Amino acid sequence: MQTASHLILISNRLPATVESTPEGLQIRPSSGGLVTALRPVLAAHKGAWIGSIDSSDMALESPLELPADGNPGHNGYDMIGIPLTPAEQHGFYAGFSNEIVWPLFHDLQSRCNFDPAYWKIYSSVNRKFADVIAHAAQAGSRIWVHDYHLMLTGKFMRAMGLRQRIGFFLHIPFPPLDIFEKLPWRSQILQALIDFNVIGFQPPRDLRNFLGCVRRLLPDVELQRIDDDMYQRVGAQISQIRVFPIGIDFNEFARQAETPDVTARGAQIRRDMRGQQIVLGVDRLDYTKGIPDRLKAFRHLLQTHPQVHRKISLVQIVVPSREQIPKYRELKQEIETLISQINGTYGDPGWTPVHYIHRSLDRTELLALYSQADIALITPLKDGMNLVAKEFCAAQIECRGMLILSEFAGAAEQLRGGSILVNPYDIEGVAEAILRAYETGPKERRKRMLRLRRKVRTADVYRWFDDFNSCLAGAGAA
Ligand code: ADQ
């Protein structure tokens with residue numbers, strides 16, 4: 001018998017990799033935006049996490065149940081891994097999710113490949129997820145679906161007769177009507193989303209866009225405004241549509257940033273780059289993160305302000321991502337060409353303008369860089385939130401760093417007071433912002449960073465989780 005607080009989280013991938021070894025199944029916790037955000041809140045709640053797994057070496061046909069008992073990799077959660085065939089992986093994940101929804105929802109419709117075959121597979125994989133959820137759900141379960149891969153699951157769960165409270169949180173942006181309506185399956189997606197009891201978005205911008213689409217494309221749906229950040233659907237099924245800006249585990253990041261390992265590594269980085277201000281970029285390899293435009297802005301700064309030569313360096317960390325998709329491979333090439341061109345033009349034996357790291361970093365290395373950076377340059381073309389901006393603030397124990405942030409990141413809404421906001425497409429504007437940050441004195445830096453840290457500390461991941469979870473608990477069942 002489960003209690004009413006039994007929570008089922010569902011995301012495209014399980015927050016772990018499962019490998020078959022002669023000793024049995026090996027389960028390793030994985031990293032990534034969503035997992036980083038949710039891991040700290042898992043320990044306190046009981047329930048299950050459902051997501052797909054790579055089962056190519058296990059020849060699985062049915063879902064793999066991984067009970068939490070005695071397995072530290074689970075964070076106290078049962079896990080259920082859904083095996084997907086290579087065709088499903090291709091059509092659902094690489095295809096519909098990442099060649100259609102991902103670019104479209106980031107306003108990059110020219111990058112979309114609206115292949116109708118993708119839609120069929122997306123729909124059938126969403127049904128498969130809904131089926132597994134229906135089997136795992138208990139009478140009092142709350143069901144919380146994450147992100148754009150699974151927008152149809154609510155509809156399928158309802159069709160299967162599930163009456164529990166179901167919520168959906170979108171980690172990525174929701175586009176404005178004139179972009180969303182390019183989607184050939186726009187009404188089906190919107191109709192499916194409205195079947196959730198709670199629909200959560202990151203910044204108010206996305207809530208407004210969603211409401212605009214519902215009003216235009218689903219005119220029979222009646223919405224009632226509760227306040228600026230919250231709307232309610234009127235009708236048989238009560239839905240709340242709200243903003244829940246995601247945060248980080250601020251205290252944990254700040255604590256780790258002061259550990260001896262991080263401090264020692266930070267001091268070494270400082271020595272290696274003495275006499276220079278460190279400009280830091282940290283991103284998954286993704287065209288939405290605006291890395292080429294950022295490099296062009298940095299190049300423009302070097303071109304127009306020779307006084308900063310040898311006094312400033314960009315450290316650009318790029319985490320490999322979605323390497324099976326050709327556009328991502330092309331992006332890597334573009335980034336590397338730009339970096340070698342900048343270093344070839346401006347570098348000399350004593351100074352490398354751009355340091356490029358193409359791999360995932362461990363927490364110590366990442367925190368050492370965050371804590372030593374004089375300027376964080378975070379310029380996504382569009383982003384649901386952007387956790388890197390918040391992690392940077394948490395690790396800035398000495399309050400020396402300046403944050404330059406894209407006005408199109410969801411985080412800009414919360415961090416506008418304290419950061420320098422830029423239009424990431426404006427190469428000259430971003431170059432000017434770097435110069436301005438470079439010239440900012442210690443007193444002003446400290447004032448700004450204290451303000452940013454206060455904001456990030458208050459709106460942390462626990463608050464995000466609690467807000468959504470209590471909203472889900474309070475939402476009417478179907
Ligand atoms: P992402 O697009 O993955 O997440 P982001 O929010 O920036 O983007 O999170 C990236 C995460 O990866 C951060 O926690 C960061 O620490 C980590 N990371 C980045 N570079 C790393 C490196 N080299 N080594 C190790 N770790 C690294 C999606 C949405 C975002 C939204 C999040 C959470 O696209 O807009 O903020 O979900 O909702």
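The values are calculated or read from the model by the stated rules, or taken from the named source; none is laboratory data. In this text, all values refer to a predicted model and were calculated from it rather than measured experimentally. Positions of Cβ are generated from backbone atoms using ideal geometry, with glycine treated the same way; all protein chains shown enter the neighbour counts.
Just so you know, in the range 106-125 the residues that are within 18 Å of residue 82 (Cβ to Cβ) and polar (S, T, N, Q) include one that is surrounded by the most Cβ atoms within 10 Å (Cβ to Cβ), and it is 123. Selection over the range 396-441 of residues that are away from the ligand (no atom under 16 Å from the Cβ), assigned to a helix (DSSP H, G or I) and closer than 17 Å to residue 373 by Cβ gives a count of 8. Answer with yes or no whether residue 427 is within 30 Å of residue 108 (Cβ to Cβ) and either surrounded by 16 or more Cβ atoms within 10 Å (Cβ to Cβ) or among the polar types (S, T, N, Q) (or both). Here the answer is yes, as residue 427 does meet what is asked. May I ask you to list the residues in the range 358-395 that are within 11 Å of the ligand (Cβ to nearest atom) and either part of a loop (DSSP other than H, G, I, E, B) or without any contact (Cβ under 8 Å) to a residue 12 or more places away in the chain (or both)? Of everything in the range 358-395, those that are within 11 Å of the ligand (Cβ to nearest atom) and either part of a loop (DSSP other than H, G, I, E, B) or without any contact (Cβ under 8 Å) to a residue 12 or more places away in the chain (or both) turn out to be 358, 359, 360, 361, 362, 380, 382, 384, 385, 386.
For residue 313, are the conditions met, namely being polar (S, T, N, Q), in contact with a Phe, Trp or Tyr (Cβ under 8 Å, 6 or more places away or on another chain) and away from the ligand (no atom under 16 Å from the Cβ)? In short, yes.
All conditions but one from (1) part of a strand (DSSP E or B); (2) touching a Ser or Thr at 6+ places or on another chain (Cβ under 9 Å) apply to residue 248; the one that does not is (1). Looking at 291, 269, just one residue is more than 21 Å from residue 107 (Cα to Cα) and touching a strand residue (DSSP E or B) at 6+ places or on another chain (Cβ under 8 Å), and that residue is 269. A single member of 170, 190, 183, 104 is closer than 23 Å to residue 219 by Cα, assigned by TED's automatic domain parsing to the domain that holds residue 467, aliphatic (A, V, I, L, M) and touching an Asp or Glu at 6+ places or on another chain (Cβ under 9 Å), and it is 170.
On inspection, residue 56 qualifies as at pLDDT below 80 and either away from the ligand (no atom under 16 Å from the Cβ) or assigned to a loop (DSSP other than H, G, I, E, B) (or both). Of the residues 96, 92, 114, 156, the single one that is touching a residue at least 40 places away in the same chain (Cβ under 8 Å), part of a helix (DSSP H, G or I) and more than 16 Å from the ligand (Cβ to nearest atom) is 92.
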